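Down below is the structure, laid out as structure tokens.
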Amino acid sequence: MAERWTRERRLERTRGLLLEAAEEVFAEKGFAAATLDDIAHTAGYTKGAIYKHFATKEELFLGVNDRYMQRYFDTFTEVLAAASKVGAEELDRVGELWRRLGADRGTEHAALGMEFTLYLLRNPEIRERVAARREETVEALGQFIIDNLDRLGATSLIPPMTMARVLIHTTPSVVLGTELDSVDLYGPILEMYMSAIKLP
């Protein structure tokens, strides 16, 4: 039993190191230019180690994206779990946390998301192959929205899964637009999101 646990921990650690390396290399080179050899070298492993955990570069990228989304969930859960209502103070706090996430490789991640979207549009066969994984992200965010609206006694004026898609596809534009134009778009977009929510 102890041997099996040790092996699981070792695999988990290797996967984590590969994802950290992938995040670093993708941020530096972009999705298209980054190679699995680059990522393996940065992680201190061979390319074979990557294939034990991820079948393709696309799957590895989605794994990096999952980690980044989890950071968002963890950050906003902390604020929303402590809130008994959603007022100006709570929105300011969410906006501030979002800005901080944007400063922590958020711009790079948003640009990568745009690049990966263009890549999928140009490669329909790959888009079809990763569709289920992308749908899992939508469903996870949709459930996060449902759970928090229910807890606050609020309702969404649009289907939560639609709201999840809107959030996923507008977030990169907000992050990049804020950086490129030096104009804070976090507050205005939060107000727009809130216009689709009916509070108790």
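Couple of notes before you dig in:
- Taken over region 148-158, residues that are in a helix (DSSP H, G or I), out of contact with any helix residue (DSSP H, G or I) (no Cβ under 6 Å at 6 or more places or on another chain) and open to solvent by less than 60 Å² (accessible area, probe 1.4 Å) amount to 2.
- Sub-6 Å Cβ pairs linking a first residue in region 180-200 that is under 25 Å from Ala111 (Cα atoms) to a second residue that is part of a helix (DSSP H, G or I) and among the aromatic types (Phe, Trp, Tyr), at least 6 apart or interchain, are Tyr186/Trp98, ordered by first then second residue.
- If only residues of region 16-26 that are open to solvent by less than 60 Å² (accessible area, probe 1.4 Å) and either touching a strand residue (DSSP E or B) at 6+ places or on another chain (Cβ under 7 Å) or not aliphatic (A, V, I, L, M) (or both) are counted, the one that is farthest from Asn65 (Cα to Cα) is Gly16.
- If you check Arg105, Arg134 for being in contact with a helix residue (DSSP H, G or I) (Cβ under 7 Å, 6 or more places away or on another chain) and either assigned to a helix (DSSP H, G or I) or open to solvent by 40 Å² or more (accessible area, probe 1.4 Å) (or both), only one passes: Arg105.
- Residues of region 177-200 satisfying the condition of being over 17 Å from Glu89 (Cα atoms), in a helix (DSSP H, G or I) and not polar (S, T, N, Q): Gly177, Glu179, Leu180, Asp181
- Consider region 107-129 and keep the residues that are under 13 Å from the mean Cα position of the chain (by Cα) and aliphatic (A, V, I, L, M). The one that is nearest to Thr56 (Cα to Cα) is Leu112.
- Just one of the listed residues (Lys52, Lys29) is within 26 Å of Thr117 (Cβ to Cβ), open to solvent by 40 Å² or more (accessible area, probe 1.4 Å) and not polar (S, T, N, Q), namely Lys29.
- Residue match in region 159-176 (condition: loosely packed, with under 14 Cβ neighbours inside 10 Å, outside any helix (DSSP H, G or I) and either without any contact (Cβ under 8 Å) to a residue 60 or more places away in the chain or in contact with a Pro (Cβ under 7 Å, 6 or more places away or on another chain) (or both)): yes
The values are calculated or read from the model by the stated rules, or taken from the named source; none is laboratory data. Keep in mind that what you see is a predicted model, and the values were worked out from it rather than measured. Please note: Cβ atoms are built from the backbone with ideal geometry, for glycine as well, and neighbour counts cover all protein chains shown. Only protein heavy atoms, including side chains, enter the accessible area calculation; ligands, DNA and RNA are left aside. Shrake-Rupley method; radii C 1.70, N 1.55, O 1.52, S 1.80 Å.
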